[in-house]
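Everything below concerns the one structure shown next.
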Amino acid sequence: QDGRSSFIGHQLGGVMEVPNSKDQRVKSARAIQITYYLQTYGSVTQDLIGEKWESEFCKLMHKMQMDHQDLQLYSLASFSLWKDFHQTSLLARGKILVSLMLILLTATLSSSMKDCLRSKPFLGLLGVLTICISSVTAAGIFFITDGKYNSTLLGIPFFAMGHGTKGVFELLSGWRRTRENLPFKDRVADAYSDVMVSYTMTSSLYFIAFGMGASPFTNIEAVKVFCQNMCVSILLNYFYIFSFFGSCLVFAGQLEQNRYHSIFCCKIPSAEYLDRKPVWFQTMMNDGHRHTSHHETNPYQHHFIQHFLREHYNEWITNIYVKPFVVILYLIYASFSFMGCLQINDGANIINLLASESPSVSYALIQQKYFSNYSPVIGFYIYEPLEYWNGTVQEDLKTLSQGFNTVSWIEQYYQYLRVVNISATNKSDFISILQSSFLKKPEFQHFKNDIIFSKAGDENNIIASRLYLVARTSENTQREAVELLEKLRPLSLIQSIKFIVFNPTFVFMDHYGLSVTMPVLISGFGILLMLILTFFLVIHPLGNFWLILSVTSIELGVLGLMTLWNVDMDCISILCLIYTLNFAIDHCAPLLYTFVLATEHTRTQCIKNSLEEHGTAILQNVSSFLIGLVPLLFVPSNLTFTLFKCLLLAGSCTLLHCFVILPVFLTFFPPSKKHHKKKKRAKRKEREEIECIEIQENPDHVTAV
C-alpha cells in the first residue's frame, strides 16, 4: 500500500507461477513465512518483556490453530529452541528410572547361581547401586560448582554405568577364580591384584580421552561440559568401586567362609539335615555339595554363563568349520562400515537435538518442506564508518553481495538517486539526501533501523549499517548454508570493508563445523596414548597391536553403521564415538592380554581359557548395558534416539569382536605358542631325568619321588 518494494522470494513456499508469463509472476503460494523483530536495546527489563511477548504470541498462535482448523500455523520464538531442547530431560526422567530397574534386575540375575553359598545376587545389586551413588555424587559436585544442565548430560548415567559395572563384574569373576580354601581376606587380595590393575589402566584411558574433550581445544561447549562431568564421574566411579564395593565384597566373602546363605543370611544346614527335608527346602538351601564331584577343584564353574562358555560356546566358536563363516561375516561387517564412513553427514540439522513432537521440530520440518529453495536470511553488518558515496566502495559491496538476493538500503538508495536524477558523489550531499529525502518516504522508512548516525558538531556520519542477504539453494539447504558461511567469513578478514555476517542458525552451523574431525582427532590421540601406556605394562608387543587393531575396527564399525542408520554427526554422536573407543578397550584389553600371556600348548586352548576367564564378565556387562538402553526407545526425542542407536552399535560391535571375531582370528594369526611348547617339553624332560637318577640311587624312596 505504501509503495514499498522488497524481495520476498524467501518468504513464499510452494510457489506456482502464472503460466507463460514473461516476468515470472506468482499465481499462488502454499505457505508464507513472516518474521517479527523485537527491539529491546539490550536492557534486562526489555528482555523480560520481550520474552513475555514471545510466550503470549506462541499461545495466541496455538489458540488460532485450534479456532481455524483449515489453516496450519507454526511459530518459532527466540526461546523455543532452548525450551524444546530441555524438554527431552523432562520426558526422559521416568524412562531412566526404568533403565535403572532393568540394569539392577539383569545384574542381580546374572550374578546368581543355584548354589546358595556361592551365589552373589546382592553383590550384583550393590555394584549397580555403587555406580548410581558415584553418579549422584558427580552430579552434586557439578551443580555446586555452578554447572549448567543441558539435555546432552542424559548420556552420563549410561556412560558411567557401562564402565563401572565392568569393574564390578570383573571383581566378581576374579573372586570366582580364587581358591576356596584360602581365608576370605587373601581371596579379596587376590581378586584385587588380578583385576584392579587392568581396571585402573582403562579408567585412566577414560579420564584421558574425556579430559581431551574437556580441554580448551574442544570447539563445542556442550561437549566440553559433558566431558568435564564425565571425568568427575569416572574418577568417583573408580574410588567408589575400590572402596565401597570392595568392602561389600569383603563382607560377602566373610559370609561365604562362615557358610551363610547368600540371600537369607542364615546358616546353611548340614548335608545330613537337608536329606531329611522336602525338595523345595533342599533347592533353596542347596550349597552345591550334591553336584560337586571329588575331582572338581572349582565349584564356581557351575555358574550358568561360565558353564555355557566352557561346555558349549568355546568348542563351537573354535570349530574349524565355523571359522570360514566368521571370516565372511567380518568381511561383510568391514565393507558396510567402510561404505558408511564414506557417507558421513555433519550434524547441522537442529531437529536431531529436540523433542520429536515439539513446536520447533514441526516448524523446522515445514520450513524445510516449503522454504528450502533459499538460505536463511543472513545479516551483513558493516561495523565501521565507510565512504558509501565512493564508487570503489560501491563496487566492493556489489562484489561481496554477488550471487545473493539482497534486501539493502544501499541498493534502494542508489536506485532512488537514479530515479530522481540526483548526483551524490560527496559526503555532505549523500548524507543530506539520505536523511532529509530518502528516509522520509513511506516506502523507505523501514530502513531507519538499518543505519546508525552520529553527529560531531554540525557534521553527520554513518558509523554502522546493515543489509540482508538471501542465497538461492538446492534441497540440501543446510550444507549449502555452511558453505556460504565458510565463503563469507574469510572475506571479512581480508577485505577493506570490515563486516560480520550472522543468522541465528549459524549457532548450530558453528557448533558442528568441526564435528567430523574432532572425534577422529580425539580417537587418534586416545589410541596413541593407549599404545604408550600399554607399552610399559605388557610384555608382548603383539598384545598392543591386537588391541589397537580391535579398537580401530570397532570405532570405524560404529562410525560407518551409525551413518547407514541415518545418524548425523551431532554432539551426541560425537560423545558416543569418544565413549566407544574406551568401551572397546575396557572389554577387549583383558581378553587379549590374557591370550597373549597364556602358556598353553595351542592358540585354540589359549583363547578358550581367555574366554572362560573374562567372557562371563564381558557378557554380564554388555547384556546389562544393552538391556538398560531399551527404555530410551520410548522417549519421544530425537536426542535419545541418537543416543540409543550409537550406544546399541557400540555394545553390539564390542560383543561381536570379543565373542566372534577375535576368538577366530587369534587362532590363526600371531602370536605363536610354539616357544611355550618347547619350554614345557624341556621342563618335562629335565624332571624325568632327575626322577631316574633318584630311583637308581635310592630305590626305596620311589613313592616319595
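The values are calculated or read from the model by the stated rules, or taken from the named source; none is laboratory data. Predicted model only: the values in this text are computed from it and were never measured. For neighbour counting, all protein chains shown are included, and Cβ atoms are generated from backbone atoms with ideal geometry for every residue, glycine included. Surface areas here come from the heavy atoms of the whole protein model, side chains and all, with no ligands, DNA or RNA. Shrake-Rupley method; radii C 1.70, N 1.55, O 1.52, S 1.80 Å.
Miscellaneous remarks
- The stretch 12-80, accessible area per residue, ligands and nucleic acids excluded (1.4 Å, Å²): 85
- Spatially, the stretch 616-657 and the stretch 538-613 are offset by 17 Å when compared through their Cα centroids.
- Gyration tensor (alpha-carbon) shape descriptor, the stretch 12-80, a/c threshold 1.5: oblate
- 1.4 Å probe accessible area per residue over the stretch 373-513, in Å²: 53
- Carbon/sulfur fraction of accessible area - the stretch 44-194, other protein chains in place, 1.4 Å, %: 66
- Remark on Ala464: its backbone amide H falls under 5 Å from those of Ile452, a criterion applied only to residues 5 or more positions apart or on other chains, H modelled at 1.01 Å from N.
- Extension gain (nm, one decimal) between Lys185 and Lys22, 0.36 nm per residue minus Cα-Cα: 49.3 nm
- As a rough guide to protection, the peptides 427-435, 197-205 ranked by mean Cβ packing within 10 Å, highest first, stand as 197-205, 427-435.
- Under the shape rule built on the C-alpha gyration tensor, where the axes satisfy a ≥ b ≥ c, the stretch 114-215 is prolate, since a/c reaches at least 1.5 and a/b is greater than b/c.
- Under the criterion of Cα pairs below 8 Å and six or more residues apart, the relative contact order for the stretch 12-80 equals 20 percent.
- Compactness check for the stretch 580-658: Cα Rg over 2.2 N^0.38 Å is 1.34.
- Of the solvent-accessible surface of the stretch 373-513, computed with a 1.4 Å probe and all protein chains present, 50% belongs to carbon and sulfur.
- Karplus-based coupling profile of the stretch 317-329, in residue order and whole Hz: 6, 9, 5, 5, 7, 7, 4, x, 5, 5, 4, 4, 4, with θ = phi - 60° in 6.51 cos²θ - 1.76 cosθ + 1.60 and x standing for Gly or Pro.
- Inter-centroid distance (Cα atoms) of the stretch 198-253 relative to the stretch 128-153, Å: 12
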